[in-house]
C-alpha cells in the first residue's frame, strides 16, 4: 500500500537557530502521537546536521531541498547527493518549480539528480506541474507527462518505486490560489495512469503522489479525501509548527 505523506518545504527561510527551534517544535508536537501519515521536513542545506541532531528520526523524516547533478569536483557552491546523505537526511526535493523557473533546471538535469540521489540512498520527492498559461490553454496533461517521462521513465521499476511524486500547480504556489479538490484529483489520477502504463498497476498503486500548492489546515482534509491525493508538499504553512501539524492531522 502506498503511504500517506505530509512533507514540509521550508525554502529559503529561517536561520540555523530558527530552523532548529522550528524542528524541535514539530518534533515535540509528534511526541505521543501516531499520525496517519509519514511526516517529513525539507530544510536548507545549512540546517541539515543541526536539525538531524534534535529530531526523532522514527517520527520525523529529514530532507534537503535540492542536490547537485554531479558526484563531486570543481563545482563551487554545489552540494552533492552524497554530502546530503552524510548529514543523516533521507529525502531530497527535486524539480521544484522554483528550481525549474529561476535556475533553469531541465528534464535532463533532473534525470541526473534523481540517479545520484537514488545512488546515495536518498528518496527523491520529485516535483511536477504546470504554470498558469499551460493550465489555461489546456496543455497541462502534456506538460506533466513530459516532465515525468523525460526525467524518470528510464528508471527500472524497482528504482521508480522509490520515488515520491509531488504535483504542484505552479499557479497556486504562494498565490493563495488552490486547485479545487476535483482539479487535484483529475491530475493526480492522470499521473497515476501514466505510471501504470509504464510500470504496471502494482507500481502505480504503490506510488505516493502529493499535492503542493497553497495547502493549508483549512483545505487539507478535503484535498486528502480524494483517492489519488496521498498527502501534501507544504510551503508557507510548514514554517509554523501549529499550522503544519494542522495539516498532518488532516489525515
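Readers should treat all values here as calculations from the given coordinates under stated rules, not as data from a laboratory. In this text the structure is predicted, and so the values were computed from the model without any measurement. Cβ sites come from the backbone with ideal geometry, for glycine too, and all protein chains shown count toward neighbours.
Which of the residues spanning the range 125-139 are under 18 Å from residue 152 (Cα atoms) and either more than 15 Å from the chain's Cα centre (by Cα) or in a helix (DSSP H, G or I) (or both)?
Within the range 125-139, 130 is the sole residue that qualifies.
Being touching a helix residue (DSSP H, G or I) at 6+ places or on another chain (Cβ under 8 Å), farther than 24 Å from residue 39 by Cα and surrounded by fewer than 16 Cβ atoms within 10 Å (Cβ to Cβ) is the filter here; which residues of the range 146-176 pass it?
If the condition is that a residue be touching a helix residue (DSSP H, G or I) at 6+ places or on another chain (Cβ under 8 Å), farther than 24 Å from residue 39 by Cα and surrounded by fewer than 16 Cβ atoms within 10 Å (Cβ to Cβ), then 146, 149, 150, 153, 154, 157 are the ones that fit.
Which numbered condition in (1) in a strand (DSSP E or B); (2) out of contact with any helix residue (DSSP H, G or I) (no Cβ under 7 Å at 6 or more places or on another chain) is the only one that residue 18 fails?
(1)
Can you tell me how many residues in the range 140-176 are more than 18 Å from the chain's Cα centre (by Cα), under 25 Å from residue 237 (Cβ atoms) and part of a helix (DSSP H, G or I)?
Of the residues in that region, 1 qualify.
Going by the conditions given, is residue 30 over 20 Å from residue 230 (Cβ atoms), in contact with a strand residue (DSSP E or B) (Cβ under 7 Å, 6 or more places away or on another chain) and in contact (Cβ under 8 Å) with a residue 12 or more places away in the chain?
Judged against the criteria, residue 30 is not a match.
Filter the range 123-134 for residues that are touching a helix residue (DSSP H, G or I) at 6+ places or on another chain (Cβ under 6 Å) and crowded, with 19+ Cβ neighbours inside 10 Å; which is nearest to residue 84 (Cα to Cα)?
124
Could you list, in sequence order, all residues of the range 210-219 that are in a loop (DSSP other than H, G, I, E, B) and surrounded by fewer than 24 Cβ atoms within 10 Å (Cβ to Cβ)?
Our first condition is that a residue be in a loop (DSSP other than H, G, I, E, B); within the range 210-219, this holds for 212-216.
Of everything in the range 210-219, those that are in a loop (DSSP other than H, G, I, E, B) and surrounded by fewer than 24 Cβ atoms within 10 Å (Cβ to Cβ) turn out to be 214, 216.
What's the total number of residues in the range 220-241 that are in contact with a helix residue (DSSP H, G or I) (Cβ under 8 Å, 6 or more places away or on another chain), surrounded by fewer than 23 Cβ atoms within 10 Å (Cβ to Cβ) and part of a helix (DSSP H, G or I)?
4
Out of all the residues in the range 179-199, is one or more crowded, with 21+ Cβ neighbours inside 10 Å and part of a loop (DSSP other than H, G, I, E, B)?
Scanning the range 179-199 turns up at least one residue that is crowded, with 21+ Cβ neighbours inside 10 Å and part of a loop (DSSP other than H, G, I, E, B).
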